[in-house]
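The values are calculated or read from the model by the stated rules, or taken from the named source; none is laboratory data. Owing to the predicted nature of the structure, the values given are computational and were not obtained by experimental measurement. Please note: Cβ atoms are built from the backbone with ideal geometry, for glycine as well, and neighbour counts cover all protein chains shown.
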Amino acid sequence: MDESLDAWFAREILVHEAPLVRYLTRTWHARDEIHDLRQETYLRVYEAAAKARPRSAKAFLFTTARHLLVDRMRRQRVVSFEPGWDLEELNVLIDEMSPERCAGADEELRALAAAFDRLPPRCRQVVWMRRVEEQSQKEVAARLGIGEAMVEKHIAKAMRRLADALFGCHSSEKPKGETASPVREGHHVRQHTN
Amino acid sequence: MYDSIQIEGTAANWLARRDGEGWRAADQVELAQWLDASTAHRVAYIRLEAAWRKAHRLKALATGVLSRPSNDHGGVQTDSDQRR
């Protein structure tokens, strides 16, 4: 195993973010904790993989998520899962989770394009100049007549939005306050991270 | 605000700084320390870094693989919304 752990993590784990978030959202009672649960799942997976890479990354990811939920539930003494909820159901849900919904290169490009389109205008301009025209941050700042710190700020914001779109496959879901696309999964809640 | 969201913000700031010209060896050392301080830092960083790397593919859009930008650098129009 000469591949770096970071590269392995990006390739084998992050691609399952959309089904992971769906799983967490369906299973956990507090929507505002999903981001935190997702990160905690990643953390546990990464630390375990540092010792030994799991044979099936996806199965390991979901098992880790399930263990985390059980731990949290015990700690918080949560009993407010959906009626009829039990540990077995968590297993079933894992099986239901569709594989990488946006694994295809085209699909990924579309998700990227859609996320790019949804960036605020100035932020979008900065990303375009930096990532497509490959101008330096300094050049971007000069051309737009803004400070370099502001360019940095736009880039930081864009990174977070694009990551959500690419890994979480949020491209098809309606962001708050923007034009609606046809309703798909009515119960699916998008996590806002900015 | 949850820690994970705060950490993601810090990771984004690091990456945006590293993307600029003012990046020095001392910054790299400081970043390494931040990454080593917590696996939560590291996974947030890896995630955003991978996304920013993939954003390079916006160039494919610019050259017309899917569509063309509607103006100089204003934006990219896609047909994805109409399809969904």
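Condition first: surrounded by 11 or more Cβ atoms within 10 Å (Cβ to Cβ) and hydrophobic (A, V, I, L, M, F, W, C). Now tell me which residues in the stretch B:1-37 satisfy that. Hits for the stretch B:1-37 are B:Ile5, B:Ile7, B:Ala11, B:Ala12, B:Trp14, B:Leu15, B:Ala16, B:Trp23, B:Leu31, B:Trp34, B:Leu35.
Residue pairs whose Cβ atoms lie under 6 Å apart, sitting 6 or more positions apart in sequence or on different chains, and linking a residue in the stretch A:57-76 that is more than 12 Å from A:His16 (Cβ to Cβ) to a partner that is surrounded by 13 or more Cβ atoms within 10 Å (Cβ to Cβ) and at pLDDT 95 or above, are A:Leu68/A:Glu40; A:Leu68/A:Thr41. Of A:Arg122, A:Arg110, A:Arg131, all but one fail to be touching a Leu at 6+ places or on another chain (Cβ under 9 Å) and either outside any helix (DSSP H, G or I) or modelled with pLDDT under 90 (or both); the exception is A:Arg110. Evaluate the following for B:Gln33: is it farther than 19 Å from A:Ala156 by Cα and more than 9 Å from chain A (Cβ to nearest Cβ)? The answer is yes for B:Gln33.
Screening the candidates B:Ala50, B:Ala11 for the property of being farther than 21 Å from A:Glu148 by Cβ, part of a helix (DSSP H, G or I) and small (Gly, Ala, Ser) yields one hit, B:Ala50. Residue check: is B:Trp52 surrounded by 18 or more Cβ atoms within 10 Å (Cβ to Cβ) and either more than 10 Å from chain A (Cβ to nearest Cβ) or among the aromatic types (Phe, Trp, Tyr) (or both)? Against the criterion (surrounded by 18 or more Cβ atoms within 10 Å (Cβ to Cβ) and either more than 10 Å from chain A (Cβ to nearest Cβ) or among the aromatic types (Phe, Trp, Tyr) (or both)), B:Trp52 qualifies. Set side by side, the residues A:Arg72, A:Arg44 differ, and just one is of a type in the set (Lys, Arg), more than 21 Å from B:Glu49 (Cα to Cα), part of a helix (DSSP H, G or I) and within 14 Å of another protein chain (Cβ to nearest Cβ), which is A:Arg72. In the stretch A:149-164, the residues that are assigned to a helix (DSSP H, G or I) reach residues that are among the polar types (S, T, N, Q) and modelled with pLDDT of 95 or more with C-beta atoms within less than 6 angstrom, at least six apart or across chains, in these pairs: A:Val151/A:Gln137; A:Ala156/B:Asn13.
Exactly one residue among A:Arg26, A:Arg22, A:Arg55 is part of a loop (DSSP other than H, G, I, E, B) and out of contact with any helix residue (DSSP H, G or I) (no Cβ under 6 Å at 6 or more places or on another chain), and that residue is A:Arg55. Considered as a group, the residues in the stretch A:134-143 that are within 28 Å of the chain's Cα centre (by Cα) and facing another protein chain (nearest Cβ under 7 Å) include one that is surrounded by the fewest Cβ atoms within 10 Å (Cβ to Cβ), and that residue is A:Ser136. Candidates are the residues of the stretch A:108-126 that are more than 7 Å from chain B (Cβ to nearest Cβ) and free of Cβ contacts under 8 Å to residues at least 40 places away in the same chain; the one that is nearest to B:His56 (Cα to Cα) is A:Val126.
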